[in-house]
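Structure first, then comments.
The values are calculated or read from the model by the stated rules, or taken from the named source; none is laboratory data. Keep in mind the model is a prediction, meaning the values are calculated, not measured. All Cβ positions, glycine included, derive from the backbone under ideal geometry; neighbour counts span all protein chains shown.
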Amino acid sequence: MTRAAIALLMLATFAPLGAQSGSDAAQREAHEILAEMIGINTSLDRGDVTPLAEKLAARFRAAGVPEADIAVIGPEEKNRNFVVRIRGKGDDKPVLFLAHLDVVDALREDWTVDPFTLLEQDGWYYGRGTIDDKGPATTLVAGALALVRSGVQPKRDVILALTSGEENGDEPGVEWLLKNHRQLVEAAYVFNFDAGGPAIDHGKLAWLELQSAEKVYWSVTLSARNAGGHSSLPRKDNAIYQMAAALRRLEAFRFPLHLTEISRAQLAARAAFVPAREAAMIRAAIAVPMRATAVERLAALSPAYNALVRTTCIPTMLRGGHAENALPALAEVTVNCRFVPGESAEQTMRVLRRVVADTGIVIAEINPAKPSAASPLLPERLALVRAASMATWGRELPITPVQENGATDGLFFRNAGIPVYGLYGIAMPVDENRLHGRDERIPVKSFVEGVVFATALIRAAANE
Ligand SMILES: [Zn+2]
């Protein structure tokens, strides 16, 4: 699509939208849905996702979506996923919007307010899941309902999948849906409303993060075994010393620098928002051809920069010995790696063996890695995001592609060959991080704008 065509499309599709989804009735309903979401404890320990999934299903039923296009589905009665399809003309493969309904549990005594009652106070909405991920999920529900009620059949199907089992990486969620009901969630690509998003920097709406790749999670155990014996008769070989020596070698080692299209773009975008000296360091680091010293200098600035430019492997757990007065028969360490998309577990294993440099230490994979290819930054996808930004804030926020250090449910789609773009429209201050913590909250203004954003993005993607 040309720029002019995009501009035209925006005029045609979005001009009336801001007003419509920002209308009092739509916003009142969004508030009501958010209260319903927060009011149901959907944590694995004490809660259940199914009652919430059923309530959402009822809303789409009431809006006129046929029963055949609504699914409350999972391997068990508890913790079911909600999937709804809004039928289009079938001009293209469906687009899927993803968020999760389960939350990390929260205890009343740890919070200053009730985590499972939506509270509006001083311009904030408080409640478990407001940011992760019920606030973003609510904006999707509001946007999808708006599309249904518009009465205009979109060009392609829109699938909304609000899932379970994200927080504990458990079976009933995305992985299960892809394995058992692929046709329900088969799509050209996915917008994941559990990553990325607009950032408020120094009180100002600054940039919009678009998560397009994530590092791959992979863990191994290092084990040193020994004949053992009585501690009164020490031997030269000792499993704990042996392991300690290997760990010193791992500590001293840095994985090779590996910048990707996404991490370069992320750094380039970041340069516009950091102090001049840091910006200069970033520009030097992303110069082509790569200058290793410049990248290492940037990596040394913070753990975040370091994690962005290379694979990391770090010991996280340590076990060994069995009695105070016995030589250790076993010393064992868990090492957690996050490798850069495009690298492989085999490759990382080879490097680890070389670094450990001790054939007496057995290195074993704990779980197979789930590789997750970077999702291409196609101009037409970026155009949709820009258009939604325009509809919401009256301007195109600078898009910062993000290669995330952590893993999200997006990886299952990427693993299945379906590109995933992580973002939502609820702007959060960069220094505000209560995710999974106490007194989780979102700005009310950001939520209101988030509803407009989701509505615009859904409509744009449905008609692309
Ligand atoms: Zn989440």
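Of all residues in region 280-317, exactly one satisfies the criterion of being of a type in the set (Lys, Arg), without any contact (Cβ under 8 Å) to a residue 40 or more places away in the chain and not in a helix (DSSP H, G or I), namely Arg291.
Restricting attention to region 414-434, the residues that are within 15 Å of the ligand (Cβ to nearest atom) and either among the hydrophobic types (A, V, I, L, M, F, W, C) or closer than 22 Å to Ser375 by Cβ (or both) total 6. When the criteria are applied in full, Glu167 fails the requirement of being more than 16 Å from the ligand (Cβ to nearest atom), over 26 Å from Ile86 (Cβ atoms), under 21 Å from the mean Cα position of the chain (by Cα) and of a type outside the set (Phe, Trp, Tyr). Out of Thr130, Thr139, I need the residue that is within 16 Å of the ligand (Cβ to nearest atom), part of a loop (DSSP other than H, G, I, E, B), modelled with pLDDT of 95 or more and buried (at least 16 other Cβ atoms within 10 Å of the Cβ). Which one? Exactly one residue qualifies, and that residue is Thr130. For region 435-454, the set of residues classified as within 16 Å of the ligand (Cβ to nearest atom) and either over 20 Å from the mean Cα position of the chain (by Cα) or without any contact (Cβ under 8 Å) to a residue 24 or more places away in the chain (or both) consists of Gly437 only. Restricting Leu162, Leu184 to residues that are more than 16 Å from the ligand (Cβ to nearest atom), modelled with pLDDT of 95 or more and either not in a strand (DSSP E or B) or not β-branched (Val, Ile, Thr) (or both) narrows the list to Leu184. For region 35-72, give me the residue count where each residue is outside any helix (DSSP H, G or I), over 23 Å from Ala461 (Cβ atoms) and not polar (S, T, N, Q). Number satisfying all stated conditions: 8. Screening the candidates Asp157, Asp201 for the property of being away from the ligand (no atom under 16 Å from the Cβ) and modelled with pLDDT of 95 or more yields one hit, Asp157.
Checked against (1) farther than 13 Å from Phe447 by Cα; (2) in contact (Cβ under 8 Å) with a residue 40 or more places away in the chain; (3) away from the ligand (no atom under 12 Å from the Cβ), Asp122 passes all but a single condition, namely (2). Restricting to region 337-351, what's the tally of residues that are of a type outside the set (A, V, I, L, M) and touching a strand residue (DSSP E or B) at 6+ places or on another chain (Cβ under 6 Å)? Of the residues in that region, 5 qualify. Could you say whether any residue in region 216-229 is closer than 25 Å to Pro94 by Cβ and within 16 Å of the ligand (Cβ to nearest atom)? No, region 216-229 contains no residue that is closer than 25 Å to Pro94 by Cβ and within 16 Å of the ligand (Cβ to nearest atom). In region 342-353, the residues that are assigned by TED's automatic domain parsing to the domain that holds Pro256 reach residues that are assigned to a helix (DSSP H, G or I) with C-beta atoms within less than 9 angstrom, at least six apart or across chains, in these pairs: Leu352/Leu250.
Would you check which residues across region 189-198 are away from the ligand (no atom under 16 Å from the Cβ) and either within 14 Å of Thr400 (Cα to Cα) or modelled with pLDDT under 95 (or both) and list them? Pro198, the sole residue that qualifies. Checked against (1) within 19 Å of Glu175 (Cα to Cα); (2) away from the ligand (no atom under 16 Å from the Cβ), Phe82 passes all but a single condition, namely (2).
Does Val174 satisfy being in contact with a helix residue (DSSP H, G or I) (Cβ under 7 Å, 6 or more places away or on another chain), within 14 Å of the ligand (Cβ to nearest atom) and farther than 22 Å from Arg386 by Cα? When the stated conditions are applied, Val174 passes them.
May I ask you to list the residues in region 77-103 that are in a loop (DSSP other than H, G, I, E, B) and surrounded by 17 or more Cβ atoms within 10 Å (Cβ to Cβ)? Within region 77-103, Asn79, Arg80, Gly88, Pro94, Leu101, Asp102 meet the criteria.
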